[in-house]
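Asker: Following this message is one structure expressed as structure tokens.
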Ligand SMILES: [Zn+2]
């Protein structure tokens, strides 16, 4: 069983920290301070750093971590991350012997050009591509790419735990309700996640099964989502990629 702890950074980032009794690996350390504090407090040695994409709020802390811990830094080939020591892309495996765990690398472009996800031990670390009840903005990729990337993630088992990069869940649910006001699973999710936030807890991880039931960006073939996209566009479309592009655009203005 993989023990995964959220270390908070900035306003709403999570630096997911994989650990056992002696070692830890971190995913997307946007800043070093909170990680060094955690490692010191828990008396853990850093074993590896994993990056999903090049945005500074995900890689900005790597250089300072490397000053204290000489560890491999995994991250996407074809993205400008100066601190990488092991460039990876789809088909590669990342093994962290100190934690007894391995991850498959998936290419999931869309938010950025070469964004990757790490999948292993029933867990998915997907950065800013799939969010709880939402998805990342299209900064460097197309709607087609992002739609295909989300489809690739959605094909993983339903009980996969989803660890994404930000605590955006309640705002995302607000938008999802505008797209699918009649979705009962969404209403139940909102109640539960509001409760979690009120008691200061993360809404993550979620599961892929839950995302498929509530996340409008994974539901572009559902009649209710298609109808809302048509209303937003004032046009008749049904192609899932165009539905996806429409609701992504709508969310940007929401
Ligand atoms: Zn990002």
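The values are calculated or read from the model by the stated rules, or taken from the named source; none is laboratory data. Just so we're clear, the structure is a prediction, and the values are computed from it rather than from any experiment. Cβ coordinates were reconstructed from backbone atoms using ideal geometry, including for glycine residues, and neighbour counts include every protein chain displayed.
Asker: Before we move on, is residue 83 crowded, with 19+ Cβ neighbours inside 10 Å, at pLDDT 95 or above and assigned to a loop (DSSP other than H, G, I, E, B)?
Answerer: Judged against the criteria, residue 83 is not a match.
Asker: Out of all the residues in region 104-114, which are away from the ligand (no atom under 12 Å from the Cβ), in a loop (DSSP other than H, G, I, E, B) and more than 13 Å from the chain's Cα centre (by Cα)?
Answerer: The one that is away from the ligand (no atom under 12 Å from the Cβ), in a loop (DSSP other than H, G, I, E, B) and more than 13 Å from the chain's Cα centre (by Cα): 114.
Asker: Mind telling me which of the residues 57, 28 ends up being in contact with a helix residue (DSSP H, G or I) (Cβ under 7 Å, 6 or more places away or on another chain) and touching a residue at least 40 places away in the same chain (Cβ under 8 Å)?
Answerer: 28
Asker: Identify, please: which residue in region 107-119 is in contact with a helix residue (DSSP H, G or I) (Cβ under 9 Å, 6 or more places away or on another chain) and surrounded by 24 or more Cβ atoms within 10 Å (Cβ to Cβ) and is, among those, farthest from residue 146 (Cα to Cα)?
Answerer: Once the filter is applied, the top-ranked residue is 117.
Asker: Same structure, new question: Out of all the residues in region 43-63, is one or more more than 16 Å from the ligand (Cβ to nearest atom), within 24 Å of residue 201 (Cα to Cα) and surrounded by 16 or more Cβ atoms within 10 Å (Cβ to Cβ)?
Answerer: Within region 43-63, one or more residues are more than 16 Å from the ligand (Cβ to nearest atom), within 24 Å of residue 201 (Cα to Cα) and surrounded by 16 or more Cβ atoms within 10 Å (Cβ to Cβ).
Asker: Looking only at residues that are in contact (Cβ under 8 Å) with a residue 40 or more places away in the chain and part of a strand (DSSP E or B) in region 37-54, which one is nearest to residue 169 (Cα to Cα)?
Answerer: Filtering region 37-54 for residues that are in contact (Cβ under 8 Å) with a residue 40 or more places away in the chain and part of a strand (DSSP E or B), the one nearest to residue 169 (Cα to Cα) comes out as 50.
Asker: Name every residue in region 115-148 that is within 20 Å of residue 16 (Cβ to Cβ), within 13 Å of the ligand (Cβ to nearest atom) and either in a loop (DSSP other than H, G, I, E, B) or over 13 Å from the mean Cα position of the chain (by Cα) (or both), in order of residue number.
Answerer: 115, 128, 129, 136
Asker: Here is a follow-up. Can you find a residue that is surrounded by 14 or more Cβ atoms within 10 Å (Cβ to Cβ) and not in a helix (DSSP H, G or I) anywhere in region 191-202?
Answerer: yes
Asker: Does residue 75 satisfy the criteria of being crowded, with 21+ Cβ neighbours inside 10 Å, in a strand (DSSP E or B) and within 16 Å of the ligand (Cβ to nearest atom)?
Answerer: It is true that residue 75 is crowded, with 21+ Cβ neighbours inside 10 Å, in a strand (DSSP E or B) and within 16 Å of the ligand (Cβ to nearest atom).
Asker: Consider residue 34 carefully, then state whether it is in a loop (DSSP other than H, G, I, E, B) and either more than 19 Å from residue 167 (Cα to Cα) or free of Cβ contacts under 8 Å to residues at least 60 places away in the same chain (or both).
Answerer: no
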